[in-house]
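Peer 1: Have a look at the structure that comes next, please.
Values in this text are rule-based calculations from the coordinates and carry no lab data. Bear in mind the structure is a predicted one, so any value in this text is a computation, not a measurement. Positions of Cβ are backbone-derived with ideal geometry, glycine not excepted, and every protein chain shown enters the neighbour counts.
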Amino acid sequence: MNKKSVISLFVMVIAMVMFSSCAKLPQVEIDNANAAIAEAEAASAAIYVPASLNAVKDTLNAAMEEIEVQKSKLFKSYKAPKAKLLAVVTLAADVKVQTEARIAELKAQIQATLDETTALNNENKELVAKAPKGKGGTTVLMAIKGEIANIDAAIAESANFEGSENLNVNLANVQALKEQATSINTELKTVIEKYQARR
């Protein structure tokens, strides 16, 4: 082996060592990406913005698949998966912000619906007092009063929604209460109008 060949081989070995050392597994980035997703999940992203959370997880999975492919290669390059992992951290932080915004939005919707339902139910109490009590009317009005009382109790129970595990359920419940109160309101107004028209 001549001197030139030895030098070429030596340069190649040095280059391979340098290249290999540059292609180290991006463990810090992997850990950061997993931690960012865990933080978004802890904020309840799976409940409030599941599609956004799943998109971030897909990006992480794609990065991990690329890393596995690179592991099997002689000349490894983690540049592309590393960029994806860095994107995961940013995207997961955005998902956490989206989650917090959705929670705030749901809380506002629940409170507004509760306020509207309370106002409707209070109006229903006034309408019951004005409703005609003719033949069979007293029995019907007693039943309506019972429904109104049940709505009052449900409103009081629904008011403690702050620590709820799933505000979507709370919103659905208070919307159902509002529909019930609206139905009673419409029924009472119709009866009173008919009664007044006959007089």
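Peer 1: Under 19 Å between alpha carbons, and skipping anything fewer than 8 positions from residue 82 in its own chain: which lysines qualify?
Peer 2: Qualifying lysines at Cα under 19 Å: 24, 57, 71, 73.
Peer 1: Here is a further query. Calculate the FRET efficiency for residue 172 and residue 125 from the Cβ-Cβ distance with a Förster distance of 30 Å, rounded to the nearest 0.05.
Peer 2: Values: r = 25 Å, r/R0 = 0.84.
About 0.75, to the nearest 0.05.
Peer 1: Please give, to one decimal in nm, the separation of the simple spin-label points placed at residue 194 and residue 87, each 7 Å out from Cα toward the Cβ.
Peer 2: Distance between label points: 6.4 nm.
Peer 1: Same structure, new question: Give the aspartates and glutamates whose C-alpha is closer than 17 Å to that of residue 79, dropping any in the same chain fewer than 8 places away, or say none.
Peer 2: 29, 31, 65, 66, 68
Peer 1: OK, next. Can you tell me the orientation of helix 137-158 relative to the chain, as the angle in degrees between its alpha-carbon axis and the longest Cα principal axis, to the nearest 10?
Peer 2: Tilt of helix 137-158: around 30 degrees.
Peer 1: Helix 50-71: angle to the longest alpha-carbon principal axis of the chain, degrees 0 to 90, nearest 10?
Peer 2: The angle comes out at about 10 degrees.
Peer 1: Restricting to lysine pairs 8 or more places apart or on different chains, what number in segment 103-198 have Cα atoms under 17 Å apart?
Peer 2: Count of close lysine pairs: 15.
Peer 1: Now for a separate question. Counting only the backbone N, which residues of segment 45-79 are under 17 Å from the spot 7 Å out from the Cα of residue 38 toward its beta-carbon?
Peer 2: 45-46, 57, 60-61
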